[in-house]
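Please read the structure below before turning to the comments.
Just so you know, all these numbers are worked out from the coordinates, no wet-lab data involved. Keep in mind the model is a prediction, meaning the values are calculated, not measured. Positions of Cβ are backbone-derived with ideal geometry, glycine not excepted, and every protein chain shown enters the neighbour counts.
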């Protein structure tokens, strides 16, 4: 489990370096929404944003823990972009 943590309004992110390339996990609990379709939509959205913004050969492990605000967040992409810039400097 990665040790470094970054918190945002829509998610918490644990990240760290690894040697196997990029690994991404998105955790959306039932507290966010009871419906699996909504939870899966959030996961797909986050994975799509990450796929566009980061180099797949980069040795990072990213674990996103989505919060309740992720459902109605209109600026989720902007938040993730900001976090990814911060991570590239810290990791």
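Give the percent of DSSP beta bridges with both residues in the chain that are antiparallel, rounded to the nearest 5.
Of all bridge pairs located within the chain, approximately 70 percent are antiparallel.
Using only Cα atoms and rounding to the nearest 10 degrees, what angle (0 to 90) does helix 36-53 make with the longest principal axis of the chain?
It is inclined by approximately 30 degrees.
Express in nm, to one decimal, how much length is gained between residue 5 and residue 71 on full extension, taking 0.36 nm for each residue of separation and deducting their alpha carbon distance.
21.6 nm
Which ordering of 29, 10 is given by a fewest-first count of other beta-carbon atoms within 10 Å? Intermediate results must be reported in sequence, preceding the final value.
Working: 29 11, 10 21.
With the sparsest Cβ surroundings first, the list reads 29, 10.
Counting only C-alpha contacts under 8 Å and six or more residues apart, can you give the relative contact order of region 4-90 as a whole percent?
Rounded, it is 42 percent for region 4-90.
Grab the DSSP H runs of the chain that are 4 residues or longer, score each as -39,500 (n - 2.57), total them, divide by all residues and round the 222 nm result to the nearest 500 deg cm²/dmol.
Helix-only estimate at 222 nm: -12000 deg cm²/dmol.
Residue separation times 0.36 nm, minus the C-alpha to C-alpha distance between residue 81 and residue 43: what's the value?
12.1 nm
Working out 0.36 nm times the residue gap between residue 36 and residue 89, then minus their Cα-Cα distance, what length gain in nm do you get to one decimal? Can you show the working numbers first?
On the way: separation 53, 0.36 × 53 = 19.08 nm, distance 3.48 nm.
Using 0.36 nm per residue and subtracting the Cα-Cα distance, I get 15.6 nm.
For the chain, take N as its residue count and report Rg(C-alpha) divided by 2.2 N^0.38 Å.
Dividing the Cα radius of gyration by 2.2 N^0.38 Å gives 1.03.
Any chance you could give the angle, 0 to 90 degrees and rounded to 10, that helix 76-90 forms with the longest Cα principal axis of the chain?
20
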